[in-house]
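Heads up: the structure comes next, in structure tokens.
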Amino acid sequence: MKTAQILERKTVFSLEIFPPRPDSDIRVIYDTLEKLKGIHPDFISVTFGAGGGKNGSRTISIASEIKHRCGVESVAHLPCIGLTRESAVEILDTLEENGIENILALRGDIPEGGCAAGDFAHASDLITFIKERYDFNILAACYPEIHPESRNAAEDLYWLRHKVECGADHLITQLFLDNSHFFDFAENIQLAGINVPVEAGIMPVTNKRQIERMVKLCGVELPKKFRRMLDRYGDDPVAMRDAGIAYAADQIADLIAGGVDGIHLYTMNDPYVAGKIYGAVQSLIA
Ligand code: FAD
């Protein structure tokens, strides 16, 4: 089923996982999926390493496993940086043959050391390419605190609207730790005439190193409340994990009360954390 159809019916609760490294046993992720299935997510999305088509074979297998063996709707991420038209067609044909209906079309983070030249500069180029040739439901990324490469919010919104005009049916946000950024963003996109559903991307921060990396990569603001949590529990792994779960659950409850279209949980492949968060908010998701 296309995610846009699920969003018409209910507040969506979806999960994101990443494939295990190419040199490790793929069966590890199947055990994880078995546990995540118990959360009854509306869909599970699978990330895809940027830099050309070769990084994605596990993404396709896992997206297929989610859909056909777990009976849960799946979304395959597809970053276009370094991708040629030929490899895009190869991947898209394989996704179609595997019955995958949903693609999260991305530009991708530019890998350290760069990557091969490709045929797509931006996610919007890939979206146009897909929409002209296939019948996939397209998801795309958006940034409540603006993308680090955008000069300002107006420029960020301009290109986001362009991406939606090219055919994005559904947006998922980058993680944020202060819900006011999301609520301001939701208001601004409405004013800009962007009317597709927006899921809030929530990342449970369960260790100090993880958030230091994320801040560097995504430039998210750390609110005072969050810094206090980090200062108090950052050096105690169990306390930090539990505080991170509570913080994410609190964010989700507030977002649902504020009328969000859906919650997309970045699980970091941790079914324990995802299960605890789901347990805390389950009754709020209708
Ligand atoms: P774009 O939409 O291309 O935007 C990138 C920048 O260019 C922005 O500043 C935008 O304003 C600007 N821009 C957009 N279009 C144009 C245009 N036509 N002309 C000029 N400027 C333009 N990365 C991965 O590698 N693999 C993944 O699986 C993955 N999954 C993700 C899932 C989610 C929910 C999110 C939020 C991000 C994910 N990312 C992933 C990271 C993402 O690839 C990076 O954030 C990347 O830097 C930007 O991707 P984008 O699709 O938003 O790019």
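Taking the condition closer than 15 Å to residue 198 by Cα and near the ligand (Cβ under 8 Å from one of its atoms), does residue 141 pass? Judged against the criteria, residue 141 is a match. The set of residues from the stretch 151-183 being of a type outside the set (A, V, I, L, M), within 9 Å of the ligand (Cβ to nearest atom) and within 19 Å of the chain's Cα centre (by Cα) comprises 156, 159, 163, 173, 174.
Restricting the first member to the stretch 39-51 and to residues that are farther than 17 Å from residue 87 by Cα, and the second to residues that are away from the ligand (no atom under 13 Å from the Cβ) and assigned to a loop (DSSP other than H, G, I, E, B), the beta-carbon pairs closer than 7 Å and six or more apart or on different chains are 41/72; 43/72; 44/72. Highlighted here are the helices (runs of 4 or more DSSP H) found entirely within the stretch 6-123 that include at least 2 residues which are of a type in the set (Gly, Ala, Ser) and either surrounded by fewer than 19 Cβ atoms within 10 Å (Cβ to Cβ) or modelled with pLDDT of 95 or more (or both): 57-68, 85-97. Close contacts from the stretch 60-81, counting a first residue that is closer than 20 Å to residue 5 by Cβ and a second that is of a type in the set (Lys, Arg), with Cβ to Cβ under 9 Å and a gap of 6+ residues or different chains, come to 66/37; 70/37; 71/37; 72/37; 73/2; 73/67; 74/67.
Test residue 47 against the stated conditions and say whether it is out of contact with any Gly (no Cβ under 7 Å at 6 or more places or on another chain) and within 11 Å of the ligand (Cβ to nearest atom). Working first, answer last.
Numbers: out of contact with any Gly (no Cβ under 7 Å at 6 or more places or on another chain): yes; within 11 Å of the ligand (Cβ to nearest atom): yes.
Yes; evaluated as a whole, the condition is true for this residue.
Restricting attention to the stretch 99-129, the residues that are within 17 Å of residue 84 (Cβ to Cβ), of a type in the set (Gly, Ala, Ser), more than 10 Å from the ligand (Cβ to nearest atom) and touching a residue at least 24 places away in the same chain (Cβ under 8 Å) add up to 3.
The values are calculated or read from the model by the stated rules, or taken from the named source; none is laboratory data. Since the model is a prediction, treat every value here as computed from it, not as a measurement. All Cβ positions, glycine included, derive from the backbone under ideal geometry; neighbour counts span all protein chains shown.
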